[in-house]
Amino acid sequence: MVIRRQSKTGGLALNKRNIKLLIVSLFFLFLSSSLYYATPIEEIKILVVCSDINDVMFANNLATITNSSVDILYLGIDLPDDRSKLSDPTYLIKYDEIWIPDLNVQWTEGGRLTREEVEALSNYVMNGGILVLGLNTYTQSWNRKLEEITGTRIIRIEKPETDSSEWDIIFNGRFYLYNDTYQTVIVSPYRARVLANYSNGLPAITLSHYGSGVGVLITFNPVEELIEHNPEIIDIYAHLAILALSERLGKPKIPIGELVLITLKKVFSHPFFLGALVFIILEIIAYLGFLPFGVTVLLAIPFLPFSKLLLKEECSKILEKVQTLRGVTLENLARELRKPPRRLKLPLVLLFLKKKIVILDLSPMDVRDSLVTPRGSESEVVAQWAIKRYPLLMREIIKNPRIRVIELAYRVDMPPYDVLRLLRELSRYGVVELKKAVVDYEVRPLDPLLRWSEV
(Lines give C-alpha, C1' and ligand atoms only; values in the text may rest on other atoms or scores of the structure.)
Protein backbone atom coordinates (compact mmCIF):
# COMPACT_ATOMS: atom_id res chain seq x y z
CA MET A 1 0.00 0.00 0.00
CA VAL A 2 2.80 2.33 0.90
CA ILE A 3 4.60 1.53 -2.26
CA ARG A 4 1.52 2.28 -4.34
CA ARG A 5 1.02 5.60 -2.58
CA GLN A 6 4.62 6.56 -3.20
CA SER A 7 4.36 5.67 -6.85
CA LYS A 8 1.14 7.64 -7.21
CA THR A 9 2.66 10.62 -5.44
CA GLY A 10 5.79 10.36 -7.59
CA GLY A 11 3.67 10.08 -10.74
CA LEU A 12 1.64 13.11 -9.72
CA ALA A 13 4.81 15.20 -9.14
CA LEU A 14 6.18 14.19 -12.51
CA ASN A 15 2.99 15.30 -14.22
CA LYS A 16 3.21 18.73 -12.56
CA ARG A 17 6.76 19.18 -13.84
CA ASN A 18 5.65 18.18 -17.33
CA ILE A 19 2.81 20.64 -17.19
CA LYS A 20 5.20 23.44 -16.17
CA LEU A 21 7.60 22.54 -18.97
CA LEU A 22 4.73 22.44 -21.43
CA ILE A 23 3.51 25.87 -20.35
CA VAL A 24 7.01 27.36 -20.62
CA SER A 25 7.50 25.77 -24.05
CA LEU A 26 4.18 27.11 -25.29
CA PHE A 27 5.05 30.56 -23.96
CA PHE A 28 8.37 30.67 -25.83
CA LEU A 29 6.72 29.25 -28.93
CA PHE A 30 4.08 31.97 -28.78
CA LEU A 31 6.73 34.62 -28.19
CA SER A 32 8.91 33.48 -31.08
CA SER A 33 5.94 33.23 -33.44
CA SER A 34 4.77 36.70 -32.38
CA LEU A 35 8.21 38.13 -33.08
CA TYR A 36 8.30 36.37 -36.42
CA TYR A 37 4.99 37.76 -37.58
CA ALA A 38 5.72 41.16 -36.08
CA THR A 39 8.92 41.41 -38.12
CA PRO A 40 8.01 43.06 -41.42
CA ILE A 41 8.88 41.00 -44.50
CA GLU A 42 10.53 43.20 -47.10
CA GLU A 43 8.14 43.78 -49.98
CA ILE A 44 9.22 43.45 -53.61
CA LYS A 45 8.88 46.75 -55.44
CA ILE A 46 8.15 46.50 -59.16
CA LEU A 47 7.75 49.28 -61.72
CA VAL A 48 5.73 48.48 -64.83
CA VAL A 49 6.09 50.91 -67.75
CA CYS A 50 2.75 50.98 -69.62
CA SER A 51 1.60 52.51 -72.89
CA ASP A 52 -2.07 51.41 -73.01
CA ILE A 53 -4.88 50.00 -70.88
CA ASN A 54 -3.86 46.38 -71.52
CA ASP A 55 -0.43 47.13 -70.03
CA VAL A 56 -2.16 48.50 -66.92
CA MET A 57 -4.26 45.34 -66.62
CA PHE A 58 -1.06 43.33 -66.98
CA ALA A 59 0.52 45.30 -64.11
CA ASN A 60 -2.50 44.72 -61.88
CA ASN A 61 -2.40 40.97 -62.56
CA LEU A 62 1.32 40.93 -61.79
CA ALA A 63 0.72 42.71 -58.48
CA THR A 64 -1.97 40.22 -57.50
CA ILE A 65 -0.12 37.02 -58.38
CA THR A 66 3.25 38.09 -56.90
CA ASN A 67 1.77 39.83 -53.83
CA SER A 68 4.22 42.67 -54.43
CA SER A 69 4.09 46.46 -54.59
CA VAL A 70 3.64 47.46 -58.23
CA ASP A 71 3.85 51.07 -59.44
CA ILE A 72 2.82 52.12 -62.93
CA LEU A 73 4.63 54.65 -65.10
CA TYR A 74 2.01 55.38 -67.75
CA LEU A 75 3.41 56.69 -71.04
CA GLY A 76 0.30 56.35 -73.20
CA ILE A 77 -0.34 59.24 -75.57
CA ASP A 78 -3.78 59.84 -74.02
CA LEU A 79 -2.60 60.83 -70.51
CA PRO A 80 1.17 60.38 -70.08
CA ASP A 81 3.07 60.63 -66.80
CA ASP A 82 6.40 62.39 -66.47
CA ARG A 83 8.61 60.40 -68.86
CA SER A 84 11.80 61.98 -67.53
CA LYS A 85 11.58 59.52 -64.60
CA LEU A 86 12.61 56.76 -66.99
CA SER A 87 16.06 58.35 -67.32
CA ASP A 88 16.39 59.34 -63.64
CA PRO A 89 18.76 56.90 -61.86
CA THR A 90 17.56 57.98 -58.40
CA TYR A 91 13.97 57.13 -59.39
CA LEU A 92 14.75 53.77 -61.04
CA ILE A 93 16.95 52.56 -58.17
CA LYS A 94 13.94 52.51 -55.81
CA TYR A 95 12.60 49.40 -57.57
CA ASP A 96 13.75 45.79 -57.35
CA GLU A 97 12.41 45.09 -60.84
CA ILE A 98 11.40 47.17 -63.86
CA TRP A 99 9.09 45.55 -66.39
CA ILE A 100 8.62 47.12 -69.84
CA PRO A 101 6.48 44.40 -71.38
CA ASP A 102 4.96 46.13 -74.42
CA LEU A 103 6.29 49.62 -75.16
CA ASN A 104 4.57 50.02 -78.51
CA VAL A 105 5.78 53.10 -80.39
CA GLN A 106 2.32 53.62 -81.87
CA TRP A 107 0.71 54.20 -78.47
CA THR A 108 3.63 55.69 -76.52
CA GLU A 109 4.13 59.39 -75.83
CA GLY A 110 7.65 60.17 -77.03
CA GLY A 111 8.01 56.94 -79.02
CA ARG A 112 10.80 54.42 -78.56
CA LEU A 113 13.25 54.36 -75.67
CA THR A 114 15.83 57.11 -76.08
CA ARG A 115 19.58 56.63 -75.74
CA GLU A 116 19.49 58.43 -72.39
CA GLU A 117 16.72 56.14 -71.11
CA VAL A 118 18.49 52.99 -72.30
CA GLU A 119 21.71 54.22 -70.69
CA ALA A 120 19.89 54.85 -67.39
CA LEU A 121 18.28 51.38 -67.53
CA SER A 122 21.65 49.83 -68.31
CA ASN A 123 23.23 51.48 -65.26
CA TYR A 124 20.24 50.41 -63.17
CA VAL A 125 20.77 46.74 -64.07
CA MET A 126 24.55 47.05 -63.70
CA ASN A 127 23.99 48.29 -60.13
CA GLY A 128 21.76 45.37 -59.12
CA GLY A 129 18.41 46.00 -60.79
CA ILE A 130 16.24 43.57 -62.73
CA LEU A 131 14.95 44.57 -66.17
CA VAL A 132 12.26 42.51 -67.95
CA LEU A 133 11.60 43.31 -71.60
CA GLY A 134 8.87 42.07 -73.93
CA LEU A 135 8.79 41.59 -77.68
CA ASN A 136 7.78 45.09 -78.82
CA THR A 137 10.03 46.86 -76.32
CA TYR A 138 13.04 44.84 -77.43
CA THR A 139 12.44 45.15 -81.19
CA GLN A 140 10.97 48.65 -81.56
CA SER A 141 13.48 50.19 -79.15
CA TRP A 142 16.39 48.03 -80.29
CA ASN A 143 19.73 49.16 -78.98
CA ARG A 144 23.07 47.40 -78.55
CA LYS A 145 22.80 48.10 -74.83
CA LEU A 146 19.57 46.10 -74.69
CA GLU A 147 21.35 43.20 -76.37
CA GLU A 148 24.13 43.43 -73.80
CA ILE A 149 21.66 43.54 -70.91
CA THR A 150 19.69 40.52 -72.16
CA GLY A 151 22.74 38.62 -73.45
CA THR A 152 20.98 37.95 -76.76
CA ARG A 153 21.31 39.00 -80.39
CA ILE A 154 18.27 39.58 -82.54
CA ILE A 155 18.09 37.43 -85.67
CA ARG A 156 14.64 38.10 -87.12
CA ILE A 157 11.00 38.66 -86.29
CA GLU A 158 8.72 35.72 -86.97
CA LYS A 159 4.98 35.82 -87.61
CA PRO A 160 3.53 32.36 -88.27
CA GLU A 161 0.79 32.34 -90.87
CA THR A 162 -1.08 29.34 -89.44
CA ASP A 163 -1.87 28.28 -85.91
CA SER A 164 0.22 25.34 -84.84
CA SER A 165 1.51 23.79 -81.63
CA GLU A 166 5.16 24.37 -82.56
CA TRP A 167 5.00 27.83 -80.94
CA ASP A 168 3.55 26.66 -77.65
CA ILE A 169 5.73 27.58 -74.66
CA ILE A 170 7.45 24.99 -72.49
CA PHE A 171 8.33 26.25 -69.03
CA ASN A 172 9.35 24.06 -66.10
CA GLY A 173 8.09 21.01 -67.98
CA ARG A 174 4.62 22.49 -68.51
CA PHE A 175 3.09 23.49 -71.85
CA TYR A 176 1.40 26.86 -72.24
CA LEU A 177 -0.62 27.54 -75.36
CA TYR A 178 0.56 30.56 -77.34
CA ASN A 179 -1.48 32.40 -79.93
CA ASP A 180 1.13 32.33 -82.63
CA THR A 181 -0.72 34.82 -84.80
CA TYR A 182 1.18 37.30 -82.63
CA GLN A 183 4.78 37.93 -83.58
CA THR A 184 7.81 36.44 -81.89
CA VAL A 185 11.41 37.58 -82.04
CA ILE A 186 14.03 34.97 -82.84
CA VAL A 187 17.19 35.57 -80.83
CA SER A 188 20.56 33.95 -80.40
CA PRO A 189 21.56 33.75 -76.71
CA TYR A 190 25.30 34.35 -76.50
CA ARG A 191 25.48 34.91 -72.76
CA ALA A 192 21.91 34.34 -71.59
CA ARG A 193 20.40 31.21 -70.06
CA VAL A 194 17.25 29.90 -71.72
CA LEU A 195 14.44 29.54 -69.17
CA ALA A 196 11.65 28.59 -71.59
CA ASN A 197 11.49 27.26 -75.14
CA TYR A 198 8.90 27.04 -77.84
CA SER A 199 7.89 23.56 -78.92
CA ASN A 200 10.11 24.01 -81.96
CA GLY A 201 13.15 24.47 -79.69
CA LEU A 202 13.65 28.23 -80.16
CA PRO A 203 14.18 30.39 -77.03
CA ALA A 204 10.98 31.86 -75.56
CA ILE A 205 12.38 33.42 -72.35
CA THR A 206 16.02 34.13 -71.49
CA LEU A 207 17.82 35.37 -68.40
CA SER A 208 21.22 37.04 -68.36
CA HIS A 209 23.49 38.39 -65.64
CA TYR A 210 24.63 41.94 -66.32
CA GLY A 211 26.85 43.53 -63.70
CA SER A 212 25.15 42.95 -60.35
CA GLY A 213 21.70 42.74 -61.92
CA VAL A 214 19.66 40.61 -64.28
CA GLY A 215 18.17 41.13 -67.74
CA VAL A 216 15.17 39.02 -68.78
CA LEU A 217 13.85 38.85 -72.33
CA ILE A 218 10.37 37.55 -73.21
CA THR A 219 10.47 36.96 -76.97
CA PHE A 220 6.67 36.98 -77.34
CA ASN A 221 4.09 39.64 -76.44
CA PRO A 222 3.49 38.98 -72.72
CA VAL A 223 0.65 41.49 -72.41
CA GLU A 224 -1.56 40.45 -75.33
CA GLU A 225 -1.04 36.77 -74.56
CA LEU A 226 -2.18 37.26 -70.95
CA ILE A 227 -5.08 39.63 -71.55
CA GLU A 228 -6.44 38.29 -74.84
CA HIS A 229 -5.52 34.62 -75.04
CA ASN A 230 -4.16 32.66 -72.07
CA PRO A 231 -4.66 33.94 -68.48
CA GLU A 232 -2.75 30.92 -67.12
CA ILE A 233 0.49 32.32 -68.51
CA ILE A 234 0.60 34.70 -65.53
CA ASP A 235 2.15 31.78 -63.63
CA ILE A 236 5.28 32.14 -65.77
CA TYR A 237 5.55 35.87 -64.98
CA ALA A 238 5.12 35.24 -61.25
CA HIS A 239 7.88 32.63 -61.36
CA LEU A 240 10.12 34.99 -63.35
CA ALA A 241 9.67 37.79 -60.79
CA ILE A 242 10.80 35.53 -57.94
CA LEU A 243 13.54 33.73 -59.91
CA ALA A 244 15.15 36.96 -61.09
CA LEU A 245 15.40 38.17 -57.47
CA SER A 246 17.38 35.08 -56.52
CA GLU A 247 19.72 35.58 -59.47
CA ARG A 248 20.82 39.15 -58.75
CA LEU A 249 23.90 39.81 -56.60
CA GLY A 250 22.29 42.40 -54.34
CA LYS A 251 19.67 45.11 -54.04
CA PRO A 252 19.92 47.98 -56.52
CA LYS A 253 22.15 50.77 -55.26
CA ILE A 254 24.07 53.64 -56.77
CA PRO A 255 27.78 53.96 -55.89
CA ILE A 256 28.38 56.99 -53.68
CA GLY A 257 30.61 58.73 -56.24
CA GLU A 258 28.06 58.30 -58.99
CA LEU A 259 25.26 59.41 -56.65
CA VAL A 260 27.16 62.60 -55.82
CA LEU A 261 27.61 63.37 -59.53
CA ILE A 262 23.93 62.70 -60.25
CA THR A 263 22.88 64.93 -57.36
CA LEU A 264 25.17 67.73 -58.49
CA LYS A 265 23.88 67.42 -62.05
CA LYS A 266 20.30 67.65 -60.77
CA VAL A 267 21.11 70.66 -58.64
CA PHE A 268 22.98 72.47 -61.41
CA SER A 269 20.26 71.80 -63.99
CA HIS A 270 17.39 72.79 -61.69
CA PRO A 271 15.60 75.97 -62.86
CA PHE A 272 15.82 77.48 -59.37
CA PHE A 273 19.59 76.96 -59.27
CA LEU A 274 20.04 78.36 -62.77
CA GLY A 275 17.95 81.38 -61.82
CA ALA A 276 19.96 81.86 -58.64
CA LEU A 277 23.22 81.49 -60.57
CA VAL A 278 22.16 84.11 -63.13
CA PHE A 279 21.10 86.42 -60.29
CA ILE A 280 24.46 86.02 -58.52
CA ILE A 281 26.36 86.69 -61.75
CA LEU A 282 24.28 89.83 -62.34
CA GLU A 283 24.94 90.94 -58.75
CA ILE A 284 28.69 90.55 -59.31
CA ILE A 285 28.50 92.48 -62.58
CA ALA A 286 26.48 95.20 -60.83
CA TYR A 287 29.02 95.33 -57.99
CA LEU A 288 31.79 95.82 -60.54
CA GLY A 289 29.78 98.61 -62.17
CA PHE A 290 29.30 97.20 -65.66
CA LEU A 291 25.50 97.69 -65.75
CA PRO A 292 23.45 100.84 -66.39
CA PHE A 293 22.12 102.77 -63.39
CA GLY A 294 18.54 101.61 -63.99
CA VAL A 295 19.48 97.92 -63.83
CA THR A 296 21.90 98.48 -60.95
CA VAL A 297 19.09 100.02 -58.86
CA LEU A 298 17.11 96.76 -59.06
CA LEU A 299 20.11 94.57 -58.30
CA ALA A 300 21.28 96.77 -55.42
CA ILE A 301 18.17 96.17 -53.31
CA PRO A 302 19.56 92.90 -51.80
CA PHE A 303 22.71 94.82 -50.81
CA LEU A 304 20.80 97.36 -48.72
CA PRO A 305 20.78 95.37 -45.42
CA PHE A 306 24.55 94.83 -45.76
CA SER A 307 25.58 98.25 -47.04
CA LYS A 308 26.87 99.33 -43.61
CA LEU A 309 29.22 96.37 -43.59
CA LEU A 310 30.27 96.27 -47.23
CA LEU A 311 30.34 99.86 -48.49
CA LYS A 312 29.89 102.09 -45.43
CA GLU A 313 33.19 103.99 -45.79
CA GLU A 314 32.85 104.38 -49.54
CA CYS A 315 29.27 105.65 -49.29
CA SER A 316 30.27 108.14 -46.60
CA LYS A 317 33.07 109.59 -48.76
CA ILE A 318 30.81 109.93 -51.77
CA LEU A 319 28.00 111.58 -49.81
CA GLU A 320 30.42 114.04 -48.19
CA LYS A 321 31.90 114.98 -51.55
CA VAL A 322 28.48 115.46 -53.20
CA GLN A 323 27.23 117.64 -50.34
CA THR A 324 30.44 119.70 -50.31
CA LEU A 325 30.38 120.36 -54.05
CA ARG A 326 26.61 120.92 -54.03
CA GLY A 327 26.23 118.48 -56.91
CA VAL A 328 28.75 117.03 -59.32
CA THR A 329 28.89 114.96 -62.48
CA LEU A 330 29.85 111.32 -62.18
CA GLU A 331 33.00 111.90 -64.20
CA ASN A 332 34.16 114.74 -61.95
CA LEU A 333 33.21 112.78 -58.82
CA ALA A 334 35.34 109.85 -59.99
CA ARG A 335 38.22 112.23 -60.60
CA GLU A 336 37.85 113.72 -57.13
CA LEU A 337 37.81 110.26 -55.48
CA ARG A 338 40.44 108.84 -57.87
CA LYS A 339 38.35 105.87 -58.85
CA PRO A 340 36.89 104.62 -62.13
CA PRO A 341 33.31 105.90 -62.62
CA ARG A 342 31.93 102.36 -62.87
CA ARG A 343 33.20 101.50 -59.36
CA LEU A 344 31.07 104.33 -57.96
CA LYS A 345 27.80 103.06 -59.44
CA LEU A 346 26.80 100.64 -56.69
CA PRO A 347 27.58 102.99 -53.76
CA LEU A 348 25.72 105.79 -55.55
CA VAL A 349 22.71 103.55 -56.13
CA LEU A 350 22.71 102.53 -52.44
CA LEU A 351 22.72 106.22 -51.45
CA PHE A 352 19.91 106.80 -53.92
CA LEU A 353 17.85 103.97 -52.41
CA LYS A 354 18.45 105.45 -48.96
CA LYS A 355 17.10 108.77 -50.32
CA LYS A 356 20.35 110.63 -49.68
CA ILE A 357 21.07 111.66 -53.27
CA VAL A 358 19.44 111.91 -56.69
CA ILE A 359 21.11 110.68 -59.87
CA LEU A 360 20.09 112.58 -63.00
CA ASP A 361 20.75 111.17 -66.46
CA LEU A 362 22.17 113.87 -68.74
CA SER A 363 21.98 111.84 -71.96
CA PRO A 364 18.70 113.56 -73.07
CA MET A 365 20.76 116.77 -73.12
CA ASP A 366 23.40 115.17 -75.37
CA VAL A 367 25.86 114.61 -72.51
CA ARG A 368 27.07 111.09 -71.79
CA ASP A 369 27.25 111.54 -68.05
CA SER A 370 25.13 111.65 -64.91
CA LEU A 371 24.63 114.43 -62.43
CA VAL A 372 24.77 113.51 -58.75
CA THR A 373 22.96 115.92 -56.44
CA PRO A 374 21.84 115.97 -52.78
CA ARG A 375 18.15 115.12 -52.53
CA GLY A 376 16.01 118.28 -52.67
CA SER A 377 18.66 120.35 -54.46
CA GLU A 378 18.05 119.09 -58.00
CA SER A 379 16.95 122.45 -59.48
CA GLU A 380 19.90 124.41 -58.13
CA VAL A 381 22.42 121.77 -59.15
CA VAL A 382 21.00 121.46 -62.67
CA ALA A 383 20.98 125.26 -62.97
CA GLN A 384 24.62 125.41 -61.87
CA TRP A 385 25.54 122.69 -64.35
CA ALA A 386 23.64 124.40 -67.20
CA ILE A 387 25.43 127.71 -66.56
CA LYS A 388 28.81 125.99 -66.73
CA ARG A 389 27.89 123.89 -69.73
CA TYR A 390 25.99 126.51 -71.77
CA PRO A 391 27.11 129.89 -70.39
CA LEU A 392 26.14 131.97 -73.44
CA LEU A 393 22.72 130.37 -73.74
CA MET A 394 21.92 130.81 -70.05
CA ARG A 395 23.15 134.42 -70.09
CA GLU A 396 20.80 135.28 -72.96
CA ILE A 397 17.84 133.67 -71.15
CA ILE A 398 18.60 135.60 -67.93
CA LYS A 399 19.10 138.95 -69.69
CA ASN A 400 16.11 138.54 -71.96
CA PRO A 401 13.13 137.01 -70.12
CA ARG A 402 10.43 135.75 -72.52
CA ILE A 403 12.87 135.55 -75.39
CA ARG A 404 11.65 133.39 -78.26
CA VAL A 405 13.37 130.10 -79.02
CA ILE A 406 14.12 131.01 -82.63
CA GLU A 407 15.67 134.31 -81.57
CA LEU A 408 17.65 132.55 -78.83
CA ALA A 409 18.95 129.95 -81.29
CA TYR A 410 20.06 132.74 -83.63
CA ARG A 411 21.96 134.57 -80.88
CA VAL A 412 23.86 131.52 -79.59
CA ASP A 413 24.31 129.97 -83.04
CA MET A 414 22.55 126.67 -82.24
CA PRO A 415 19.90 124.79 -84.24
CA PRO A 416 16.43 125.77 -82.92
CA TYR A 417 15.46 122.12 -82.46
CA ASP A 418 18.51 121.46 -80.25
CA VAL A 419 17.78 124.57 -78.20
CA LEU A 420 14.13 123.59 -77.72
CA ARG A 421 15.03 120.03 -76.73
CA LEU A 422 17.59 121.27 -74.17
CA LEU A 423 15.17 123.80 -72.69
CA ARG A 424 12.44 121.17 -72.35
CA GLU A 425 14.77 119.03 -70.24
CA LEU A 426 15.77 122.04 -68.10
CA SER A 427 12.10 122.90 -67.59
CA ARG A 428 11.57 119.45 -66.06
CA TYR A 429 13.91 120.44 -63.22
CA GLY A 430 12.45 123.91 -62.71
CA VAL A 431 15.38 125.84 -64.25
CA VAL A 432 13.44 127.60 -67.01
CA GLU A 433 9.81 127.92 -68.07
CA LEU A 434 8.54 127.39 -71.62
CA LYS A 435 5.36 129.13 -72.66
CA LYS A 436 3.64 128.43 -75.94
CA ALA A 437 3.52 131.43 -78.25
CA VAL A 438 2.44 131.89 -81.84
CA VAL A 439 4.56 129.46 -83.93
CA ASP A 440 7.18 129.56 -81.17
CA TYR A 441 7.93 129.30 -77.43
CA GLU A 442 8.81 132.00 -74.95
CA VAL A 443 11.61 131.22 -72.47
CA ARG A 444 11.64 132.63 -68.96
CA PRO A 445 14.35 131.99 -66.32
CA LEU A 446 13.21 130.65 -62.95
CA ASP A 447 14.61 131.26 -59.47
CA PRO A 448 17.31 128.53 -59.43
CA LEU A 449 18.85 129.94 -62.61
CA LEU A 450 18.52 133.52 -61.42
CA ARG A 451 20.18 132.75 -58.07
CA TRP A 452 23.20 131.14 -59.71
CA SER A 453 23.49 134.04 -62.17
CA GLU A 454 23.62 136.48 -59.23
CA VAL A 455 26.39 134.47 -57.58
Could you list, in sequence order, all residues of segment 204-224 that are under 20 Å from Lys145 (Cα atoms) and open to solvent by 10 Å² or more (accessible area, probe 1.4 Å)? His209, Tyr210, Gly211, Ser212
Give the residue, chosen from Glu109, Glu119, Glu148, that is without any contact (Cβ under 8 Å) to a residue 60 or more places away in the chain, surrounded by 15 or more Cβ atoms within 10 Å (Cβ to Cβ) and either closer than 27 Å to Thr90 by Cα or in contact with a Lys or Arg (Cβ under 7 Å, 6 or more places away or on another chain) (or both). Glu119
Please go through segment 371-387 and give me each residue that is closer than 12 Å to Leu446 by Cβ and open to solvent by 30 Å² or more (accessible area, probe 1.4 Å), ordered by number. Ser379, Glu380
Test Asp81 against the stated conditions and say whether it is touching a Leu at 6+ places or on another chain (Cβ under 9 Å), at pLDDT below 95 and open to solvent by less than 10 Å² (accessible area, probe 1.4 Å). no
Go through (1) open to solvent by 30 Å² or more (accessible area, probe 1.4 Å); (2) in contact with a Ser or Thr (Cβ under 6 Å, 6 or more places away or on another chain) and name the single condition Phe175 misses. (2)
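Tally up the residues in segment 60-100 that are farther than 19 Å from Leu121 by Cα and in contact (Cβ under 8 Å) with a residue 40 or more places away in the chain, please.
Qualifying residue count, segment 60-100: 5.
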Test: residue in segment 324-333 that is β-branched (Val, Ile, Thr), crowded, with 18+ Cβ neighbours inside 10 Å and not in a helix (DSSP H, G or I): yes
Scope segment 306-323; condition assigned to a helix (DSSP H, G or I), under 43 Å from the mean Cα position of the chain (by Cα) and aliphatic (A, V, I, L, M); matching residues: Leu309, Leu310
Total residues in segment 189-198, condition open to solvent by 50 Å² or more (accessible area, probe 1.4 Å) and of a type in the set (Ser, Thr, Tyr): 1
I'm checking my understanding of the structure. Among residues of segment 243-254 that are in a loop (DSSP other than H, G, I, E, B) and more than 11 Å from Asn123 (Cα to Cα), which one is least open to solvent (accessible area, probe 1.4 Å)? Gly250
Complete set of residues in segment 45-78 that are surrounded by fewer than 19 Cβ atoms within 10 Å (Cβ to Cβ) and under 25 Å from Ile256 (Cα atoms): Lys45
Can you pull out every residue in segment 268-296 that is in contact (Cβ under 8 Å) with a residue 40 or more places away in the chain and either open to solvent by 80 Å² or more (accessible area, probe 1.4 Å) or under 30 Å from the mean Cα position of the chain (by Cα) (or both)? Ala286, Tyr287, Phe290, Leu291, Thr296
Would you tally the residues in segment 388-420 being open to solvent by 50 Å² or more (accessible area, probe 1.4 Å) and within 30 Å of Glu320 (Cβ to Cβ)? 3
Scan segment 61-76 for residues that are more than 23 Å from Trp107 (Cα to Cα) and not aliphatic (A, V, I, L, M) and jot them down. Thr64, Thr66, Asn67, Ser68, Ser69
If Glu314 satisfies every condition in (1) surrounded by 18 or more Cβ atoms within 10 Å (Cβ to Cβ); (2) closer than 18 Å to Leu360 by Cα; (3) among the acidic types (Asp, Glu) but one, which is the exception? (2)
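The values are calculated or read from the model by the stated rules, or taken from the named source; none is laboratory data. Please read all numbers here as calculations on a predicted model, not as lab measurements. Here Cβ is always computed from backbone atoms with ideal geometry, including for glycine, and neighbour counts include all displayed protein chains. Ligands, DNA and RNA are excluded from the accessible area calculation, which covers all protein heavy atoms including side chains. Shrake-Rupley method; radii C 1.70, N 1.55, O 1.52, S 1.80 Å.
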